[in-house]
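Contents: one structure, followed by commentary.
Values in this text are rule-based calculations from the coordinates and carry no lab data. Remember, predicted model here, so these are calculated numbers, not experimental data. Cβ atoms come from the backbone with ideal geometry, glycine included; neighbour counts cover every protein chain shown.
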Amino acid sequence: MRQTMADVILINASPRAGGNTEQVLEECSKALHAGGCSTRVISLRGKQIQSCIACYTCKKTGVCSLDDGVNEMIDEIRQADGLIIGSPVYFGTARGDLMSAIQRIGMVSRGSDQFLSRMVGGPVAVARRGGHTATIQELLMFYLINDMIVCGSTYWNIVFGKEPGDVQQDTEGLDTIRRFGENVAYCISQVKK
């Protein structure tokens with residue numbers, strides 16, 4: 001069983017401090033805490049994440065050859081039991097830097113110790129009007145190819161909002177995210193038994 005620094009890592013892919021994605025992940029964190037999990041949010045804000053260069057160094061060393069903060073994220077994720085990825089929707093998809101980060105995280109996991117295998121979690125998408133489900137589907141590919149356990153909720157993990165704070169008006173969306181957080185905490189407790 002993993003020794004945990006934080007039971008669940010939440011990745012916030014929004015470049016905005018205090019924005020809607022951050023607010024949604026805070027609600028998710030509250031539900032995780034109520035379910036007995038500790039959490040840590042990793043923000044991509046201000047990071048300059050590079051795309052994978054397919055050098056396969058990670059297969060030999062267990063770390064990525066690129067030095068831009070992703071290895072520090074991997075160190076934290078390796079110690080966790082759960083991983084939740086929250087992204088704003090840009091042109092109908094997840095943010096590019098997020099996709100670069102998770103592709104590299106997945107490459108290191110698959111090339112080394114499979115630290116993502118059977119980790120519990122799932123994606124969250126936040127947008128003004130549309131593209132949520134395409135973003136969820138895009139992010140699900142990361143979870144499924146890495147042998148992870150994906151939790152659902154009472155609806156897809158999507159919340160509507162444009163300006164910071166708008167998500168607070170989407171009560172159904174926030175309820176969905178809270179239930180998702182509860183389900184992640186529940187699944188982690190079952191896996192740990």
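A few points about this structure:
- Simple spin-label estimate for ASP67 and ARG45 in nanometres, 7 Å along Cα-Cβ: 2.7 nm
- Hull shadow area, averaged, the chain [alpha-carbon convex hull, nm²]: 9.8 nm²
- Extension gain from ALA34 to ALA134, taking 0.36 nm per residue of separation minus the Cα-Cα distance: 33.0 nm
- When peptides 115-123, 103-111 are ranked by their average number of other Cβ atoms within 10 Å per residue, the highest-first order is 115-123, 103-111.
- Of all lysines in the structure, the ones whose alpha carbon falls short of 25 Å from that of LYS193, not counting any fewer than 8 places away in one chain, are LYS30.
- Whichever aspartates and glutamates have a C-alpha closer than 13 Å to that of LYS59, once near sequence neighbours (fewer than 8 apart) are set aside: ASP113
- Estimated inter-spin distance, GLU26 and GLN114, nm [label 7 Å along Cα→Cβ]: 3.9 nm
- Rounded FRET efficiency, nearest 0.05, which uses the C-beta distance separating GLN168 from ASP75 and R0 of 41 Å: 0.75
- The helix-only estimate of mean residue ellipticity at 222 nm for the chain, built from DSSP H runs of length n ≥ 4 each weighted as -39500 (n - 2.57), is -13500 deg cm²/dmol after division by the residue total.
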